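What follows is a single structure, written as structure tokens, with notes after it.
The values are calculated or read from the model by the stated rules, or taken from the named source; none is laboratory data. All values reported here derive from a predicted model rather than from experimental measurement. For neighbour counting, all protein chains shown are included, and Cβ atoms are generated from backbone atoms with ideal geometry for every residue, glycine included. Side chains included, ligands, DNA and RNA excluded: accessible areas come from the protein's heavy atoms. Shrake-Rupley method; radii C 1.70, N 1.55, O 1.52, S 1.80 Å.
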Amino acid sequence: MTYKNPNALMSTEKLSENIDDPNIVILDGTYHLPNVDRDASDEFNNGHIKGAQYFNIDKVCDLDSDLPHMLPSPDKFAEAAGSLGISNEKHVVVYDVYGMQSAARTWWMFRVFGHDNVSVLNGGLPKWLQDGNTLDSDIIVPTPQLFKVNYREGLVRHLSDIFDLVETHDEKIIDARTSGRFFGTEPEPRPGMRSGHIPGSVNLPFGQLLSLEDKTFLSASEIEKQFIDVIEDIDKPIVTTCGSGVTACILALALFLVGKEDVAVYDGSWSEWGSLSETPVMNN
């Protein structure tokens, strides 16, 4: 079984062959968890794929929200994308330094705002280097472009939606966090968070969708099996969640690869649900 939407991924070989294509805009979408003492922007300046721009989800976001990297307004996203040299005609290719952790968030953001010509580098920076490619430290100043958005509300879920789903079960909620965080046996990386999960949700840690060797996605049949093991029927409406709406996008991307294009992401995720006193929480 092959991917139904193979263009959502790009191989390191294909990117290497097309590295100078003016129609491609490469983005480093790396994000580090708050308990990791690393600076993604500094790391990008020290070395990145040739011609890449840094896409900072903590800046291209709703800065008025108390929650981390929530979706920005359509106008703000359009301004950010255009400032990075991205027009609606460009092919966006996103990677991160982990292989597959935060790049899918950038992929999802572009889809939310109506841009389908976006791919994730399969295996990310580790696979790029493993395959003999090099890094560059030159910072390219892009020529600003006009980027028009077409907001897809159906790909986003908010707090009120999840409250409804806890009661109705109309959509299946799948949590991408580790099983320890899902069941409350591991601490959350953000202070003040309760432990546990949204009632009625099921757990599929995002790492189970990736090869242990190089963090590339599993085959289509293996991806389907992982989801069927937790929800039985992947044709049902699905919402993905995680710690702060980042790795939930990996689940959405995996489902997109096998043909399910309508998966929504709970933007606030556990950063929101786990911090509120009025939200019900389960630990088993």
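Using a cut-off of under 14 Å, list every residue of segment 96-128 whose amide N is near the label point 7 Å from the Cα of GLU222 along the Cα-to-beta-carbon line. Of the residues in segment 96-128, 123 have backbone N under 14 Å from the label point off GLU222.
For the chain, the 222 nm mean residue ellipticity estimated from helices alone, with every DSSP H stretch of n ≥ 4 adding -39500 (n - 2.57) and the total spread over all residues, rounds to -7500 deg cm²/dmol. Straight-distance candidates among the lysines for linking to LYS14, with alpha-carbon spacing under 21 Å and chain neighbours fewer than 8 residues away dropped: LYS4, LYS50, LYS90, LYS127, LYS215. Taken about its Cα centre, segment 182-230 carries a charge dipole of about 260 debye when Lys and Arg each add +1 at the Cβ and Asp and Glu each add -1 at the Cβ.
Taking N as the residue count of segment 1-141, its C-alpha radius of gyration divided by 2.2 N^0.38 Å amounts to 1.01. Using a Gaussian network model of the chain in which every pair of alpha carbons under 10 angstrom is joined by a spring, one finds that among ASN56, ASN45, ASN122 the greatest mean-square fluctuation is at ASN45. The GluC sites (Glu not before Pro) of segment 183-284 that DSSP puts in a loop, and whose beta carbon has at most 16 other beta carbons within 10 Å, are GLU213, GLU232, GLU261, GLU278. Computed from point charges on the beta carbon alone (+1 for Lys and Arg, -1 for Asp and Glu), the dipole magnitude for segment 63-102 about its Cα centre is near 160 Debye. Once all protein chains are placed together, ARG111 keeps about 20 Å² accessible to a 1.4 angstrom probe.
The residues of segment 1-101 present an accessible area of 47 Å² per residue when probed at 1.4 Å with all protein chains retained.
Shown for segment 197-284: the carbon plus sulfur share of the solvent-accessible area, taken with all protein chains present and a 1.4 angstrom probe, equals 48%. With the convex hull drawn over the C-alpha atoms of the chain, the volume per residue is 126 Å³.
Ligands, DNA and RNA aside, ASP42 has an accessible area near 80 Å² when probed at 1.4 Å. Taken along the Cα-to-beta-carbon direction at a fixed 7 Å, the label points for SER179 and GLU89 span 5.1 nm. For LYS225, give me every one of the aspartates and glutamates with a C-alpha distance below 17 angstrom, ignoring sequence neighbours fewer than eight places off in its own chain. Leaving aside aspartates and glutamates fewer than 8 places away in the same chain, those within reach of LYS225 are ASP175, ASP233, ASP235. When LYS59, LYS90, LYS172 are compared by accessible area at a 1.4 angstrom probe, the order from most to least is LYS59, LYS172, LYS90. Considering only beta bridges that DSSP places wholly inside segment 132-284, some 15 percent are antiparallel. Charged side chains reduced to their Cβ positions (Lys and Arg at +1, Asp and Glu at -1) give the chain a dipole of some 140 debye around its Cα centre. Using the Cβ-Cβ distance between ASP75 and ASP164 with R0 = 22 Å, the FRET efficiency computed as 1/(1 + (r/R0)^6) comes to roughly 0.20.
With a simple spin-label model that places each label point 7 Å from the Cα along the Cα-to-Cβ direction, the separation between GLN130 and ASP37 comes to 2.8 nm. Contact order for the chain, expressed relative to its length and based on alpha carbon pairs under 8 Å spaced 6+ residues apart, stands at 23 percent.
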